[in-house]
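Rule-based calculations on the coordinates, nothing more; no lab input. Nothing here was measured: the structure is a model prediction, and the numbers come from that model. Counting neighbours? That spans all protein chains shown, and the Cβs are built from the backbone with ideal geometry, glycine included.
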Amino acid sequence: MAMSVETLHWKSKYDTGVEEIDLQHRAFLSLIIRLGGELAETKDLKYRERLLEEIAKYAAFHFISEENLMMKHGYPGLEPHRQLHRDLINQLSWRRQSLSDSDLLEFLVRWFIHHTVEEDHHIGDFINRSKPEVLPGPG
Ligand SMILES: [Fe+2]
């Protein structure tokens, strides 16, 4: 079933409960939606290539941020999670050659939603569980 990128919007089930991750996820989703619209409107090959590069660079940045948070909190699933990120970056580069723009965007959106809801939620749960109790202030 085809998915319309333009009608995508944030859903509360995408929230992980970690502010930094959620902010970046929202930015990533709106980037995909905005650039998806741009891709549909332009035939300029150079510009299309740059738009896809923009998405790939944002993904790479966001993954490093997320991995650093996992590292900081001693998240036990860091390595397999990092591997999922690497796989996506690799798939993005070969799918860019072989898929149409709309198929590529659909692939990206599906990956994003699945990964966010299934994998990133575990990070949120872990970090929020391991947060130290708020100590009462002096006096
Ligand atoms: Fe992730």
Just checking, does segment 106-115 include any residue being hydrophobic (A, V, I, L, M, F, W, C), assigned to a helix (DSSP H, G or I) and without any contact (Cβ under 8 Å) to a residue 12 or more places away in the chain? no
Of the residues in segment 50-105, those that are closer than 24 Å to residue 23 by Cβ and in a loop (DSSP other than H, G, I, E, B) number 4
Residue check, residue 13 assigned to a helix (DSSP H, G or I), among the charged types (D, E, K, R) and either surrounded by 13 or more Cβ atoms within 10 Å (Cβ to Cβ) or out of contact with any Leu (no Cβ under 8 Å at 6 or more places or on another chain) (or both): yes
Exactly one condition in (1) farther than 29 Å from residue 41 by Cα; (2) buried (at least 16 other Cβ atoms within 10 Å of the Cβ); (3) hydrophobic (A, V, I, L, M, F, W, C) is not met by residue 117; state its number. (2)
Surrounded by 13 or more Cβ atoms within 10 Å (Cβ to Cβ), out of contact with any strand residue (DSSP E or B) (no Cβ under 8 Å at 6 or more places or on another chain) and under 25 Å from residue 9 (Cβ atoms): is that true of residue 23 in this structure? no
Per-region count, segment 7-60, residues of a type in the set (A, V, I, L, M, F, W, C) and over 12 Å from the mean Cα position of the chain (by Cα): 10
